[in-house]
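Have a look at the structure that comes next, please.
The values are calculated or read from the model by the stated rules, or taken from the named source; none is laboratory data. As the structure is a prediction and not an experimental result, all values here were calculated from the model. Every residue, glycine among them, receives a Cβ derived from its backbone with ideal geometry; neighbour counts consider all protein chains shown.
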Amino acid sequence: MIGGRALLEKTICSNVSLPFPLEELILLMLGYQDSLIAAGVTMPEIVDIRVNNGCVVVLSEDGGPNLVDRYVTPRRFITAPEKPVAEIVAILKIVIDAGLSIDPHVKNFVGEAGKLLYVDMSPPLTGSYVAGRLSLATEDREFQILKDNFAYFQPEYIPYHFAGDFLNISPTGESIFPEIHSLLCDQGLIDGVSLIEFTAKARGIRALEDLRLSKGIFMI
């Protein structure tokens with residue numbers, strides 16, 4: 001705690017030999033964060049960010065409890081009186097309207113109802129970073145898996161990615177797809193997409209991410 005503020009330290013270590021120094025990675029991370037904030041996404045204030053022992057160490061404002069810890073089942077994200085899913089979807093709409101990329105997993109949101117913060121800036125989902133990471137792929141299959149995974153953070157896929165990640169929380173995640181589908185339709189984030197098609201796309205995105213993880217292919 002500094003000056004009465006609760007702070008959180010996070011260490012980010014790369015699993016691959018990135019084609020640029022960690023100091024440049026820091027600049028890409030900060031640039032990505034600036035883009036999200038400029039669009040209207042609230043993120044914790046960074047107090048300090050530096051390279052230490054081959055990793056990036058970030059000291060930031062503690063935004064509060066992680067939503068996955070607070071709402072322990074997918075259904076609670078829908079039924080809780082404060083309606084966390086609706087608030088997250090509103091944030092995702094800001095990102096989509098701005099044409100930015102984001103990892104929409106609910107674990108990346110923290111804080112209290114009405115003032116949620118987005119906390120994920122690693123890897124920085126920018127064209128420069130993605131191109132650098134793809135350049136390291138040694139096989140066509142690895143390249144395609146990475147390329148598709150990065151694509152799924154882009155605006156056109158965010159609604160489906162958001163739903164699919166509930167399958168990462170629990171096998172029961174699909175039970176709330178109808179409510180998520182309805183909410184996304186109401187917000188104009190999907191149009192003319194049936195629940196069956198929506199579910200298939202969400203499953204496919206989650207399946208590809210699971211494949212990437214099973215093969216030990218890292219995004220950073």
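List the helices (runs of 4 or more DSSP H) that sit entirely inside segment 17-79 and contain at least 3 residues that are within 27 Å of N168 (Cα to Cα) and within 18 Å of the chain's Cα centre (by Cα).
Result: 22-39, 67-70.
Quick grid of which residues meet (1) of a type in the set (A, V, I, L, M, F, W, C); (2) surrounded by fewer than 16 Cβ atoms within 10 Å (Cβ to Cβ); (3) touching an Asp or Glu at 6+ places or on another chain (Cβ under 8 Å):
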site: V41; (1), (2), (3): yes, no, no
site: S60; (1), (2), (3): no, no, yes
site: N66; (1), (2), (3): no, yes, no
site: P74; (1), (2), (3): no, no, no
site: F77; (1), (2), (3): yes, no, no
site: P81; (1), (2), (3): no, yes, no
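Just for segment 168-220: of the residues that are among the small types (G, A, S) and in a loop (DSSP other than H, G, I, E, B), which one is surrounded by the most Cβ atoms within 10 Å (Cβ to Cβ)? Before you say what the answer is, go through the steps one by one.
Kept after step one, since they are among the small types (G, A, S), are these residues of segment 168-220: 170, 173, 175, 182, 188, 192, 194, 200, 202, 204, 207, 214, 216.
Narrowing further to those that are in a loop (DSSP other than H, G, I, E, B): 170, 188, 192, 194, 216.
Details: S170: 14, G188: 10, G192: 6, S194: 10, G216: 8.
Here the answer is S170.
So S128 fits all but one of (1) without any contact (Cβ under 8 Å) to a residue 40 or more places away in the chain; (2) exposed (fewer than 15 other Cβ atoms within 10 Å of the Cβ); what number is the exception?
(1)
Among (1) under 18 Å from A131 (Cβ atoms); (2) touching a strand residue (DSSP E or B) at 6+ places or on another chain (Cβ under 6 Å); (3) of a type in the set (S, T, N, Q), which single condition is S35 missing?
In the conditions (1) under 18 Å from A131 (Cβ atoms); (2) touching a strand residue (DSSP E or B) at 6+ places or on another chain (Cβ under 6 Å); (3) of a type in the set (S, T, N, Q), S35 misses (2) alone.
A further question on this structure: Return yes or no: is F162 surrounded by fewer than 21 Cβ atoms within 10 Å (Cβ to Cβ), not in a loop (DSSP other than H, G, I, E, B) and not small (G, A, S)?
Against the criterion (surrounded by fewer than 21 Cβ atoms within 10 Å (Cβ to Cβ), not in a loop (DSSP other than H, G, I, E, B) and not small (G, A, S)), F162 does not qualify.
Here's something else I'd like to know. Would you check if F177 is modelled with pLDDT of 95 or more and in contact with a His (Cβ under 9 Å, 6 or more places away or on another chain)?
In short, no.
Answer yes or no as to whether N52 is within 30 Å of E142 (Cα to Cα), surrounded by fewer than 17 Cβ atoms within 10 Å (Cβ to Cβ) and not charged (D, E, K, R).
Against the criterion (within 30 Å of E142 (Cα to Cα), surrounded by fewer than 17 Cβ atoms within 10 Å (Cβ to Cβ) and not charged (D, E, K, R)), N52 qualifies.
Another question about this same structure. Any residue at all in segment 4-25 that is modelled with pLDDT of 95 or more, crowded, with 19+ Cβ neighbours inside 10 Å and out of contact with any Asp or Glu (no Cβ under 7 Å at 6 or more places or on another chain)?
So far as segment 4-25 goes, yes, one or more of its residues are modelled with pLDDT of 95 or more, crowded, with 19+ Cβ neighbours inside 10 Å and out of contact with any Asp or Glu (no Cβ under 7 Å at 6 or more places or on another chain).
Let me ask you something else. Where residues in segment 96-138 are in a loop (DSSP other than H, G, I, E, B) and among the β-branched types (V, I, T), which of them is nearest to Y160 (Cα to Cα)?
Of everything passing the filter in segment 96-138, I102 is nearest to Y160 (Cα to Cα).
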